[in-house]
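Just so you know, all these numbers are worked out from the coordinates, no wet-lab data involved. Since the structure is predicted, the reported quantities are computational estimates derived from the model, not experimental observations. Every residue, glycine among them, receives a Cβ derived from its backbone with ideal geometry; neighbour counts consider all protein chains shown.
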Number of protein chains: 2
Amino acid sequence: MKAVIMAGGQGTRFWPLSTPEKPKQFLNLLGPRTMLQETVHRLNPVIGENDVFVVTPPPYVDEILRELPELDAGRIIVEPAPRNTAPCIGWAVRWICRRWGDDVLAVLPADHRIGNLEAFHEALRSGEMLALEDWLVTFGVRPTYPATGYGYICRGEALPDTDGLPAFHVERFTEKPDRPTAERFLSEGRYDWNSGMFVWKASTIEEELRRWNPELASRLDELDDTLEPDELRSRFEALPKISIDYAVMEKTDRAVVIPCDLDWSDVGSWGSIRDLRPKDDRGMVISGRVENIDSRNCTVFGWDQKVVALVGVEDLVVVDTPHGLLVCHADETERVRDVVEHLQKGGQGSPSEGLDARVPEES
Amino acid sequence: MKAVIMAGGQGTRFWPLSTPEKPKQFLNLLGPRTMLQETVHRLNPVIGENDVFVVTPPPYVDEILRELPELDAGRIIVEPAPRNTAPCIGWAVRWICRRWGDDVLAVLPADHRIGNLEAFHEALRSGEMLALEDWLVTFGVRPTYPATGYGYICRGEALPDTDGLPAFHVERFTEKPDRPTAERFLSEGRYDWNSGMFVWKASTIEEELRRWNPELASRLDELDDTLEPDELRSRFEALPKISIDYAVMEKTDRAVVIPCDLDWSDVGSWGSIRDLRPKDDRGMVISGRVENIDSRNCTVFGWDQKVVALVGVEDLVVVDTPHGLLVCHADETERVRDVVEHLQKGGQGSPSEGLDARVPEES
């Protein structure tokens, strides 16, 4: 079994720490390792270093080689342009088949968190067995609360006689639900979170992509990296932006789900960091030099060259970098995307009316 | 009449914008001019540039000459060491008398705000007339609310037949009161805020200092700036730390108060900045590049090289500089001093447990 790690995310939700040059997968938001390093590391007992591939756009190749010194440059699959997961996976599958032949592939996002490694390894092994029988395997995460930020998978009939974990036909994929729907899903017990991880044979997913999206498949057939790079990019950019869920998984009858208890999170916002990191006795999550005077339940990311002082505040997320500062209510971290959108549209903050305080010299 | 501007404040309450290298008097917290520049500028119709003297410790001399290019270096009175206002004023008075002879002096802090210039000019002129009759004149500011952060002056009997504004013997100086006392002061109507400004003849204050603090006066007599600088500083450092209020004003029977409506503030904290600066329609006081997403009633000081984004927050003071960041509840700005104290004692913020997020490169 090979791992194909998708590391192309542009990550706007961790502004100002995440930037176009260094999106979420390259940040160490949860521990000493970056999200990408952690993603590779946690595969270790099941998929060894020599079977790890990383799909990424050209600007991130150098960063990936820096972060994963054990990774041979020949196992980085350069994604010519960002067109969502269906073109990305179609491209990566062809790229691998051409060089290495057919095999089982575990397709994994580079920027998620998994707390229960034992369950994850078991799920991978069970997934591999099912993939060998031509199933398209997804991991369904048992919901622990009525999340509205995740898609859900509804279990259908159980597969007979699996040697590994129990698995089920996928009855239905659903988009992110509203709150009452999420509560219903949670109480019905047949719905799992869609973790966005897949295990399948290269030949199976290629076949299914061809069945449900013959045009995309044949346009991918015409591409390979012997093309002149600009030509390759412009043809890739012309492909439809479409997710693998929509392109294949929602249509195929080969989709199965393995429900598992992964202690998983897609680490989708600063708010999720708060849930996933240790807190001090005042409920503070702290990284950097922080002076806390009577503040509670804040998440603070600073940097070692600068003091951040919090005085009498509660329920804030404060993230300081040399190029941007975020001060956000803990319940509003989803709206950080709005900040990035404003800035991309040329917003530069309100005018200062010529009353700017001068900035003291760096001491 | 000459002006003697005391510009020796170390200003810890405006951290991180104020620093030992650039305390409050050198910041433009309220408008395009620094507090010091504004202090000199507002004297203009009454006391011209050539009659302005500035008392300051050695490290600030260069900054003062930069900010006040019209000021002759020969009118900067170098304060050998910070020993509160009595030694400072005693030293400055002797320094001026030796070079320029006796005259009326208006002694003024460099870092206060006065909104009603007409009233101020009238008070200065009335003060000069009374000073020529050997009174020690203070300006009492009519209280507009029961402030607990200011000292108060209780009016006694009215002085007969003044040509200028009404003036009163000082019945009593009182320290900062508690809230019920401040409320009583406000309702009694005989109490004014002590603005810390004085008008007197050099010879009068010298005489009174000698009467009430003969030892301090005679030790000051022995000092002049022909002494070797280290010797001068060490002898000055040996003087008692004592305010002119305590050393003279509370004891003398020559103290008079002119109640006036100066629209005055000592600009004592970030909280006072909020009251003194224009707000936008969401109650925001903004300096710098600020992206406001649904935030209200915040005071934000950033700098032009960096975006500060506020998302869904209220009643905060956010001050960002290259060396420090303050996030403070609007009602807790008095506690900024605690931050500076912690840092001076070597506090460096909580340990980061080796989980520091890496800081993106400056873009």
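For this structure, a couple of remarks:
- Farthest toward the positive end of the dipole of the protein assembly as shown, out of B:GLY156, A:PRO80, A:ALA247, is the Cα of B:GLY156, where the dipole comes from beta carbon charges about the Cα centre.
- Computed from the C-beta positions of A:GLU231 and B:GLU314, the FRET efficiency with R₀ = 51 Å rounds to 0.45.
- Amide H contacts of B:LEU68 (H built 1.01 Å from N, in plane; Pro and chain starts excluded): no residue 5 or more places away or on another chain comes under 5 Å.
- Taking θ as phi - 60° and the Karplus parameters 6.51, -1.76 and 1.60, the scalar couplings of the stretch B:293-310 work out to 10, 6, 10, 9, 6, 10, 10, 10, 10, x, 9, 5, 8, 8, 8, 10, 10, 10 Hz in sequence order, x denoting glycine and proline.
- Global form of the protein assembly as shown, assessed from the alpha-carbon gyration tensor, a/c cut-off 1.5: prolate
- Converting phi to 3J(HN,Hα) with the Karplus coefficients 6.51, -1.76 and 1.60 and the offset θ = phi - 60°, the stretch A:31-48 yields x, x, 7, 6, 4, 5, 4, 5, 4, 6, 4, 6, 7, 2, x, 10, 10, x Hz in sequence order, with x at every glycine or proline.
- Proximity of backbone amide H atoms, modeled 1.01 Å from N, is registered between B:VAL313 and A:HIS329, B:SER295, B:ARG296 at under 5 Å, excluding neighbours fewer than 5 places apart on the same chain.
- The H on the amide N of A:ALA255, modeled in the peptide plane, is under 5 Å from the matching H of A:LEU136, A:VAL170, each at least 5 residues off or on a different chain.
- Averaged over the residues of peptide A:325-337, the number of Cβ atoms from other protein chains lying within 10 Å of each residue's Cβ is 5.
- For the stretch B:3-107, the Cα-based Rg and Dmax, in that order, read 13.5, 42 Å.
- Taking other C-beta atoms within 10 angstrom as a stand-in for reagent exposure, A:CYS298, A:CYS328 fall in the order A:CYS298, A:CYS328, fewest first.
- The antiparallel fraction among DSSP beta bridges confined to chain A stands at about 45%.
- Counting neighbouring beta carbons within 10 Å and listing from fewest to most, the residues B:THR138, B:THR19, A:THR181 come out as A:THR181, B:THR19, B:THR138.
- Within 10 Å of each Cβ in B:286-296, the average number of Cβ atoms from other chains: 6
- Computed over the stretch B:270-344, Kirkwood Rh from alpha-carbon pairs, angstrom: 12.7
- Taking each DSSP H run with n ≥ 4 as -39500 (n - 2.57) and averaging over every residue of chain A yields -8000 deg cm²/dmol at 222 nm.
- Look at A:ILE114, B:ILE5, B:ILE293 and count the other Cβ atoms within 10 Å of each Cβ; fewest to most, that gives B:ILE293, A:ILE114, B:ILE5.
- Each copy carries a label point for A:SER187 at 7 Å from Cα along the beta-carbon vector; from one copy to the others these points are 5.8 nm apart, nearest first.
- Label separation (B:LEU117 vs B:ASP263): 1.1 nm, computed from points 7 Å beyond Cα along the C-beta direction.
- In this simple spin-label approximation, A:ALA158 and B:ASP221 carry label points 7 Å from Cα along the Cα→Cβ vector, and these lie 10.6 nm apart.
- Here the Karplus relation 6.51 cos²θ - 1.76 cosθ + 1.60, evaluated at θ = phi - 60°, turns the backbone of the stretch B:256-266 into coupling constants of 10, 10, 9, x, 8, 10, 7, 6, 9, 8, 7 Hz, with x for every Gly and Pro.
- Summary for A:GLU49: label point 7 Å along Cα→Cβ; distances to the equivalent points in the other copies, ascending, 7.2 nm.
- Given charges at Cβ of Lys, Arg, Asp, Glu: the protein assembly as shown dipole, positive-most of A:CYS260, B:ILE89, B:PRO146: B:PRO146
- Shown is the FRET efficiency for B:ASP275 and A:LEU276, computed with R0 = 30 Å from the Cβ-Cβ distance and rounded to the nearest 0.05: 0.15.
- Kirkwood-based Rg to Rh ratio, the stretch A:78-214, C-alpha trace: 0.97
- Leading residue at positive end of dipole, chain A (Cβ point charges), from A:LEU223, A:THR174, A:TRP303: A:THR174
- For chain A, the direction-averaged projected area of the alpha-carbon convex hull comes to 21.3 nm².
- Sorted from closest to farthest, the other copies place their B:GLU314 label points 1.3 nm away, with each point set 7 Å from Cα along Cα→Cβ.
- Placing +1 on each Lys and Arg Cβ and -1 on each Asp and Glu Cβ, with no other charges, gives the protein assembly as shown a dipole about its Cα centre of roughly 440 debye.
- Mean sequence separation of contacting Cα pairs (under 8 Å, at least six apart), scaled by the length of the stretch A:270-344, corresponds to a relative contact order of 24 percent.
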